[in-house]
Amino acid sequence: MKKSHQSEQTEKSSKNTEEELNKKSSEETSKERVLIYHMREVVKTREAEGTAFRLVVPSLQIALGEKIALIGQSGCGKSTLLDLLAMVLQPSAAGAFRFRPEPGASPLDIANYWRRHKLNRLGDLRRQRIGYVMQTGGLLPYLTVRDNISLSRRLLGMPEDGTVDTLLESLGIERHVNKLPSLLSVGERQRVAIARALAHKPSIVIADEPTAPLDPITARKIMGLFINLVERFHITVIVASHDWNHVEQLGLRGLSHRTRQQDNLTETVVTG
């Protein structure tokens, strides 16, 4: 029996709608997997006093907007990997090391920048695209809380748009705005450090044990505030920590790594 014209039109419309939905879903999935970092066969070797440490990254991909955790004890290479990602440490070898600062931008060949000693270009990328939170806060002691947070924006010539006030309020440090770092508690200094790292709205924030000096209750609270803010600002974040609770409670993707000792060489292999 022949299908009616109306039936054929309905099926055709349904098929077209399904194809459009599939196409949209595919495009959304593709957008979700836009890579900010792609590393392949990256190696960093360090030697000192008859011992050597080698970090090996066979393959690592980090997508824009991801929340990444590198968990492990001291000496496993967490800080070395963070310094590579922050472009402050030159790899000993790199098959590929690419960085995409924003959706739609072409990936930048970081390995080639290092090989050709384009240090000014790397410096520009660090200033414009990367925020960094250190264990100790790293605040400038002669600047007030507001001036510490605003510094990166001023250096980049960014206008005042309320971002600093939003960060002060979100992190609960607005009442300390005119204080120097020496008058703050350890937890308050870390909140200021987080605000400073986020103030210029970088592509990525790298945090090296940001809650290490804090008691467990304060650490959980500050990590929660930190992750809420990077999600709100749509910023990729990579956190080094020794606390697996951060991964489980805050929805971070943990990178896998293994460390082995052979004679005077310690080698850590990281994948993700």
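This table checks each residue for (1) hydroxyl-bearing (S, T, Y); (2) at pLDDT 80 or above.
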site	(1), (2)
H5	no, no
Y37	yes, yes
F53	no, yes
I62	no, yes
Query raised in the report: Considering only region 121-161, how many residues are within 20 Å of I206 (Cα to Cα) and not basic (K, R)?
Result: 23
Query - Yes/no for G75 being within 27 Å of Y132 (Cβ to Cβ) and modelled with pLDDT under 75 - result: yes
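Just the residues that are small (G, A, S) and surrounded by fewer than 20 Cβ atoms within 10 Å (Cβ to Cβ), please, taken from region 121-151. Step through it out loud before you land on a result.
Applying the first criterion (small (G, A, S)) to region 121-151 yields 123, 131, 137-138, 150.
Of everything in region 121-151, those that are small (G, A, S) and surrounded by fewer than 20 Cβ atoms within 10 Å (Cβ to Cβ) turn out to be G123, G138.
Would you please name the residue that is surrounded by the most Cβ atoms within 10 Å (Cβ to Cβ), looking only at residues in region 206-219 that are under 13 Å from N245 (Cα atoms) and touching a Ser or Thr at 6+ places or on another chain (Cβ under 8 Å)?
Narrowing region 206-219 to residues under 13 Å from N245 (Cα atoms): 211, 216-217, 219.
Within this subset, residues satisfying the condition of being touching a Ser or Thr at 6+ places or on another chain (Cβ under 8 Å) are 211, 219.
Details: T211: 24, A219: 20.
Among residues in region 206-219 that are under 13 Å from N245 (Cα atoms) and touching a Ser or Thr at 6+ places or on another chain (Cβ under 8 Å), the one surrounded by the most Cβ atoms within 10 Å (Cβ to Cβ) is T211.
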Report summary line: Checked pairs for region 140-154, first hydroxyl-bearing (S, T, Y), second assigned to a helix (DSSP H, G or I), C-beta under 6 Å and 6 or more apart or across chains, list as S150/V164
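The values are calculated or read from the model by the stated rules, or taken from the named source; none is laboratory data. This is a predicted model, so every value here is computed, not measured. Please note: Cβ atoms are built from the backbone with ideal geometry, for glycine as well, and neighbour counts cover all protein chains shown.
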